[in-house]
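Before any comments, here is the structure.
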Amino acid sequence: MSPRSLRFRLVGAAALLIVLALALGGVGLTAIFDEQAERRAATELDLHVKTLAAQVRVDTAGALQVDVPPQEPRFERPYGGLYWQIDGPGGKGLRSRSLWDFVLQDPPGSTTARDLDMHEIPGPETAQLLAIQRTIVVPQGASEQRLQITVAVDEALLSAERWSFLGLLLPSLLALAVLLVLAMAFFIHLALRPLRALRADLGDIHAGRRRTLSRDVPEEVQPVVDDLNRLIGFQDAAVERARTQSADLAHGLKTPLAVLAAMARTARDAGEADLATGIDEQIDAMRRHVDRALARARAGMAAALGQQAADVSVVCRKTLRMLKTLPDAGALTWVSDVPEGLRFAGDEGDLTELLANLLDNARKWAASQVRLSASASGDRVTVVIEDDGPGMSEAETAHIDRGQRWDESTPGTGFGLAITRDLVDAYHGRLRLDRSDLGGLRVTLDLPSPRTPVKK
């Protein structure tokens, strides 16, 4: 996909939003997990505090005793990550085996802290602990003793749980992101189907295969299709009017030109040869300009709207067959290498005029051979016409202007080259003159070919 395509932009925007949404969701889920993990840890610590509170007592000698310690293996393993400690008056106290020789300190501000609040306190081996404390009163004979019970857990255990959770969450979110992006790309592909169909229809119109767009489109696209169809209709009507006006102009000028020709003959019969020659020259110039203007108008309209598509091989065969009927064409060898299936995006008559002008020029200059070949590349078709005549130098080909004769010493008006160039320009083509390997002139025509239909 091209970065300029609508599909690329929509898929890119959808992917960015999906990734952003899942990233925010991941942050939220992690925060929820952390909160729930702390609550679960607080609940577990509170349970151990209650267990110790139910089992602790002061014997007759004033020593602290725990009848049944909490049954948790981490309390028995040195620095196992879970710790308890009971502090009494006079420095009396008990500790879990997991504390080994470490003594838990009261958290900062413990004088104002409430029982069962989670506190952060230092632990063994530079560990940080989350602790819960509770103060209880137990009987000792006729008196009572105030005891402080502290149960703590290593924050590293909670951190390990958090990383384990992230190890499951991140791949899950990544897989979900991939699935959502693929699903969104598929939905965008379906949503853009009407635009692809519209593009294919426009390609068919440019290639001359149809003149209207299909109306079988969603209602959101229907106004665009209707406006384009109306525009195409207006253009077709304008082309038809222009053709009619061109024909009317040509017919309208025939009579005045015929009258002028008759006046030239009358003047010549009356002995006014110079006057007659001048009139004939002006008549000839007027006819050239009219023919040239009509050719340019016809080609420009056909090229702009793409109403025609000519078979190059068929036109080449017809043109060669016509030229071979000329008296001096039989002495030449005509070589044609034009494959079937080549198409020219233009009017068949215009292509015939192009080939006829160039092949006729080659016929006039060729010594023994004229060669015609064609090929296609992408949306262009190339036609090459060569002869084995004297050819032209680079300086001569560079100075040929529109309307200039190929050579004044050879019969012919030379006006065919001007019309040829006008037709080529109208179709946005290129005309190149250089030397052929046959020894003479090589004329290369680069012309448009109908666009390849777009798959819907």
(request) Would you mind telling me the share, in percent, of accessible area of the chain contributed by carbon and sulfur at probe 1.4 angstrom? (result) 57 percent
(request) Give me the percent of Cα-Cα pairs in the chain that sit more than 29 Å apart, rounded to a whole number. (result) 71 percent
(request) Note down the magnitude of the dipole of the chain about its Cα centre, charges +1 on Lys and Arg C-beta and -1 on Asp and Glu C-beta and zero elsewhere, to the nearest 20 debye. (result) 1080 debye
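Could you give the longest part of the chain that holds none of the GluC sites (Glu not before Pro) found in DSSP loops with at most 11 neighbouring Cβ atoms within 10 Å?
Details: sites that count: E219, E220, E340, E408.
For GluC sites (Glu not before Pro) (loop position, at most 11 other Cβ atoms within 10 Å), the longest site-free span of the chain is 1-218.
Solvent-accessible area per residue for the chain at a 1.4 Å probe radius, Å²?
Numbers: 25650 Å² over 456 residues.
For the chain, the solvent-accessible area averages 56 Å² per residue.
Would you mind calculating the gained length between S2 and D67 on full extension (0.36 nm times residue separation, minus the Cα-Cα distance), in nm to one decimal? Numbers along the way, then the final one.
Values: separation 65, 0.36 × 65 = 23.40 nm, distance 7.69 nm.
Net length gain for the segment: 15.7 nm.
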(request) Mind checking which of Q145, A395, A63 is farthest towards the positive end of the chain's charge dipole, using Cβ charges of +1 (Lys, Arg) and -1 (Asp, Glu) about the Cα centre? (result) A395
(request) Could you tell me how many degrees, from 0 to 90 and to the nearest 10, lie between the Cα long axis of helix 415-426 and the main elongation axis, the longest principal axis, of the Cα atoms of the chain? (result) 20 degrees
(request) With θ set to phi - 60°, apply the Karplus curve 6.51 cos²θ - 1.76 cosθ + 1.60 along segment 170-181 and write out the HN-Hα couplings as whole Hz, x wherever there is a Gly or Pro. (result) 4, x, 5, 5, 5, 5, 5, 4, 4, 5, 5, 5
(request) May I ask you to compute the full-extension gain from E144 to D269, defined as 0.36 nm times their residue separation minus their alpha-carbon distance, rounded to one decimal in nm? (result) 29.4 nm
(request) Between A242 and R97, with labels modelled 7 Å along Cα→Cβ, what's the label distance in nm to one decimal, could you check? (result) 10.2 nm
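Let's see if you can work this out: charge +1 on each Lys and Arg Cβ, -1 on each Asp and Glu Cβ, no other charges. What is the dipole magnitude of segment 51-206 about its Cα centre, in debye to the nearest 20? It would help to have the intermediate numbers written out before the result.
Numbers: 13 positive and 17 negative charges, 88 e Å.
Dipole magnitude for segment 51-206 comes out near 420 debye.
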(message) Once you place label points 7 Å from the Cα toward the Cβ at A191 and K50, how far apart are they in nm?
(response) 5.4 nm
(request) Note down the nm distance, to one decimal, between modelled labels 7 Å out along Cα→Cβ at R77 and at A262. (result) 12.4 nm
(message) For a quick size check, give me the Cα extents of segment 54-111 along its three principal axes, largest first, whole Å.
(response) 32, 31, 21
(request) For an R0 of 41 angstrom, estimate the FRET efficiency from the Cβ-Cβ distance between K254 and R317 and round to the nearest 0.05. (result) 0.80
(request) Multiply the residue separation of R162 and E35 by 0.36 nm, subtract the distance between their alpha-carbon atoms, and state the gained length in nm to one decimal. (result) 44.7 nm
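The values are calculated or read from the model by the stated rules, or taken from the named source; none is laboratory data. A quick note: this is a predicted structure, and the numbers were derived from the prediction, not measured. Note that we place each Cβ from the backbone using ideal geometry, even for glycine, and neighbour counts take in every protein chain shown. To get the accessible areas, we keep the full protein, side chains included, count just its heavy atoms, and leave off ligands, DNA and RNA. Shrake-Rupley method; radii C 1.70, N 1.55, O 1.52, S 1.80 Å.
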